[in-house]
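Every read-out reported here was derived from the displayed coordinates using simple, explicitly stated rules and does not represent laboratory data. Only a predicted model underlies this, so the values are computations on that prediction, with no experimental measurement involved. Please note: Cβ atoms are built from the backbone with ideal geometry, for glycine as well, and neighbour counts cover all protein chains shown.
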Amino acid sequence: MSARNPLAVLFGLAGAELSPAERDFFIRSQPAGFIVFRRNCETPAQLKRLVTELRAAVGRPDAPVLIDQEGGRVTRLKPPHWRAAPAAGRFASLARSGLPKAAEAARLNARLIAAELADAGITVDCLPVLDLAHTGAHDVIGDRAFGGDPATVTALGRATADGLLDGGVLPVMKHMPGHGRALVDSHESLPVIDADLAALRATDFVPFRAMADLPWAMTCHAVYRALDERPATLSPVVIERVIRGELGFKGVLVTDDIGMGALPGRLGERTAASLAAGCDLVLHCTGDMTEMEEVAASADPLTDAATRRLEEGERRRKAPQPIDVLATAARLDRLLAAA
């Protein structure tokens with residue numbers, strides 16, 4: 001790391017090319033890393049060039065570049081240049097006829113996702129979703145979940161994480177400590193989860209506890225009444241007592257998008273409160289320059305602890321194992337045909 005640690009922020013950008021203003025801002029603000037969205041991804045060659053330019057702007061070839069490439073409706077890389085990856089719900093359906101085959105399919109799918117990401121230089125994928133599907137909840141999670149059974153979600157989440165790691169991409173489990181009970185969409189308003197602590201421990205917390213060894217995790221913008229009146233992202237109680245304590249997560253903790261409607265206050269206030277609560281990184285996604293200036297002005301440099309967590313994650317990012325893409329895709333199709 002440089003004499004001054006990078007800023008504890010991950011930024012998006014506006015389009016498919018890095019503008020001079022964005023380059024100057026990133027050089028000046030030195031964010032820890034970046035995230036790309038559909039608006040940034042036109043072709044494989046263009047995306048690879050963009051990722052290279054982002055890292056060059058901060059002078060760190062190991063700066064993490066993230067993406068939300070889940071499959072299904074949360075897909076940033078789309079046909080015709082990239083594969084149409086299935087939603088997690090497809091693997092949940094397959095699991096009803098046999099968990100081992102579903103886990104194999106989930107791992108193969110993640111391995112194929114990782115091959116596309118690694119080719120572009122993207123090193124971190126916001127996957128797996130470990131939220132449970134709960135009857136009557138808002139469909140913001142819906143088929144993004146591997147089902148409603150904690151054991152099944154854990155098994156399919158683990159297979160997905162392993163597939164990404166085999167492909168040289170770090171997984172980000174989300175949304176800690178569990179978004180599945182939300183009755184509203186946190187992109188628009190604040191979910192309040194009334195379940196008692198015993199119920200959360202028996203269900204929603206289970207996959208996150210079982211996979212606490214993963215290198216990255218993302219917080220949930222929801223209030224857990226049994227724990228605190230503040231959203232998890234802004235709550236030192238949830239982060240220290242539950243995420244770091246009871247669930248035992250020791251890796252990089254990044255916020256969900258700080259610009260979502262669930263959080264109170266201005267962007268600068270949200271940024272400062274997230275870091276004060278114990279998040280390692282603040283995620284800001286819109287690419288809006290005015291917003292990024294406000295976030296950067298309110299963020300601190302990475303703490304030494306966050307720096308160590310990032311470095312440990314990077315050490316776990318191994319070289320991709322060889323893969324026959326066509327044969328892997330064909331095997332995956334055969335397995336999914338049984339769902």
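Distances between placed amide hydrogens fall under 5 Å for Val9 paired with Ala32, Gly33, Val282, all partners being 5 or more residues away or on another chain. Look at the Cα gyration tensor of the range 1-155: its axes a ≥ b ≥ c give a/c of at least 1.5 with a/b over b/c, and that counts as prolate. Considering only Ala305, Cys285, Ala319, and ranking their Cα positions along the charge dipole of the range 261-319 that arises from unit charges at the beta-carbon of Lys, Arg, Asp and Glu, the one farthest toward the positive end is Ala319. Taking the average, over residues, of other Cβ atoms within 10 Å as the packing measure, peptides 171-181, 70-80, 257-267, 149-159 rank 171-181, 149-159, 257-267, 70-80 from highest down. In a reduced charge model with +1 at each Lys and Arg Cβ and -1 at each Asp and Glu Cβ, the range 168-226 shows a dipole moment near 140 debye about its Cα centre.
For the range 7-336, rounded, prolate or oblate, judged on the Cα gyration tensor with a ≥ b ≥ c (square roots of eigenvalues), a/c < 1.5 rounded, else prolate if a/b > b/c? In terms of gyration-tensor shape, oblate. Among the DSSP helices (H) of the chain, those spanning at least 20 angstrom by Cα along their long axis with an average Kyte-Doolittle hydropathy of -1.0 or more are 44-58, 99-120, 150-166; this is a geometric and hydropathy rule only. Centre-to-centre separation between the Cα atoms of the range 88-141 and those of the range 55-72: 20 Å. Here's the picture: charge each Lys and Arg Cβ at +1 and each Asp and Glu Cβ at -1 in the chain, and of Ala56, Ser235, Ala45 the one pushed furthest to the positive end of that dipole is Ala45. Residues whose amide H falls under 5 Å from that of Asp256, counting only those 5 or more places apart or on a different chain, are Thr219, with hydrogens built in the peptide plane. Nearest-5 percent of antiparallel DSSP beta bridges in the chain? Given both bridge residues lie in the chain, the antiparallel proportion sits at roughly 10 percent. The order of the peptides 191-199, 138-146, 87-95 by mean Cβ neighbours within 10 Å, most packed first, is 87-95, 138-146, 191-199.
Separation of the range 160-195 and the range 288-339, taken as the distance between their Cα centroids, equals 14 angstrom. For the range 74-123, the square roots a ≥ b ≥ c of the C-alpha gyration tensor eigenvalues yield an a/c of 1.5 or more together with a/b exceeding b/c, which makes the shape prolate.
Each Lys and Arg contributes +1 and each Asp and Glu -1, all at the Cβ; summed about the Cα centre of the chain, the dipole is approximately 880 debye.
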